[in-house]
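Since the structure comes first, as structure tokens, the remarks are kept for the end.
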Amino acid sequence: MDESTVRHDRLYIPHGDLVIQSAPNEDGKRHVYRLHKGLLAYNSSVFADMLGFSSDGEQYDGVPMIQLTDSPEELDGLMTALYDPGLVYLPRYSPDKPLLLMPIMRIATKYQMDILRERLVNIVRADWPETLEDWVRYRAEVSAIKRMHKTSDPTGFIVDRGLVEDHLPEPASVVRFARDFDVPAVLPIAYYTLAGLSRYTDWDTIHAGQPLVAIGPGDRTLSARWPLLDALDLKIIMRLKEMLATRTANI
């Protein structure tokens, strides 16, 4: 076996009938996966088309091999989600969920793996209310989480030095996920949540242990990954802030 080729420790399956080779990583290593034509063709119209061509091409370990342009990291995520979906489990309300699923979503979209893509979308949607009933339940859960972790510390730190927001979904990343992958159902509540936060409470700054900047209106006990948002997102949020301020002033 070529020293530049590394067999995946879990996804080089002895009874597989197809080998997929990745592009080289930074160390020049290519990962190879021994998988199943039928499973790939069933889940991906792109793979179905590729496998429909003549099998007289390159072989590896006695079976046909396809060379792809995707990195080992991208293929690891995709094939793990396909073969070991339990390993893609993320806790309810995990604030990192959209960011962790984005790379898999990109490559699943590229290969038109619609079933996998729908499953990943549903994992993200499950954390955000889409109906009035969902909203009432969500608010009750969020209030309970905040009460559980409430202290006299104005930064929102709890006893174990964690943050309340580490137990809540993070709105900026879900906006980016929704905009990039056409998941409009989660946008209203995500934008609404961001409209209630201070623009000066940055997720990365707070999680690096730096002090909050007490400037501007909004909830400063929660932060967001503001750099993930584009100009359109920020415009929508500013309009929402203005609408909420006007409505509050008229009460």
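The values are calculated or read from the model by the stated rules, or taken from the named source; none is laboratory data. Please read all numbers here as calculations on a predicted model, not as lab measurements. No Cβ is skipped: glycine too gets one built from the backbone with ideal geometry, and neighbour counts run over all protein chains shown.
Looking only at residues of the range 139-164 that are in contact with a helix residue (DSSP H, G or I) (Cβ under 8 Å, 6 or more places away or on another chain) and at pLDDT 80 or above, we find that the one that is surrounded by the most Cβ atoms within 10 Å (Cβ to Cβ) is Val164.
Within the range 71-101, the set of residues being more than 17 Å from the chain's Cα centre (by Cα), buried (at least 18 other Cβ atoms within 10 Å of the Cβ) and either among the hydroxyl-bearing types (Ser, Thr, Tyr) or part of a loop (DSSP other than H, G, I, E, B) (or both) comprises just one member, Ser71. Counting only helices (runs of 4 or more DSSP H) that fall entirely inside the range 185-251 and contain at least 2 residues that are surrounded by 19 or more Cβ atoms within 10 Å (Cβ to Cβ), of a type in the set (Val, Ile, Thr) and at pLDDT 90 or above, the qualifying elements are 187-195.
Take Tyr60 and decide whether it is at pLDDT below 95, on the phi > 0 side of the Ramachandran plot and surrounded by 12 or more Cβ atoms within 10 Å (Cβ to Cβ).
Numbers: at pLDDT below 95: yes; on the phi > 0 side of the Ramachandran plot: no; surrounded by 12 or more Cβ atoms within 10 Å (Cβ to Cβ): yes.
Answer is no for this residue.
For the range 82-89, the criterion of being touching a residue at least 60 places away in the same chain (Cβ under 8 Å), under 22 Å from Ala224 (Cα atoms) and acidic (Asp, Glu) is satisfied by no residue at all. Condition first: in a helix (DSSP H, G or I) and either on the phi > 0 side of the Ramachandran plot or of a type in the set (Lys, Arg) (or both). Now tell me which residues in the range 102-112 satisfy that. Once the filter is applied, which keeps residues that are in a helix (DSSP H, G or I) and either on the phi > 0 side of the Ramachandran plot or of a type in the set (Lys, Arg) (or both), the range 102-112 yields Arg106, Lys110.
Entry remark, the range 19-41: residues being in contact with a helix residue (DSSP H, G or I) (Cβ under 8 Å, 6 or more places away or on another chain) and without any contact (Cβ under 8 Å) to a residue 12 or more places away in the chain number 1 in total.
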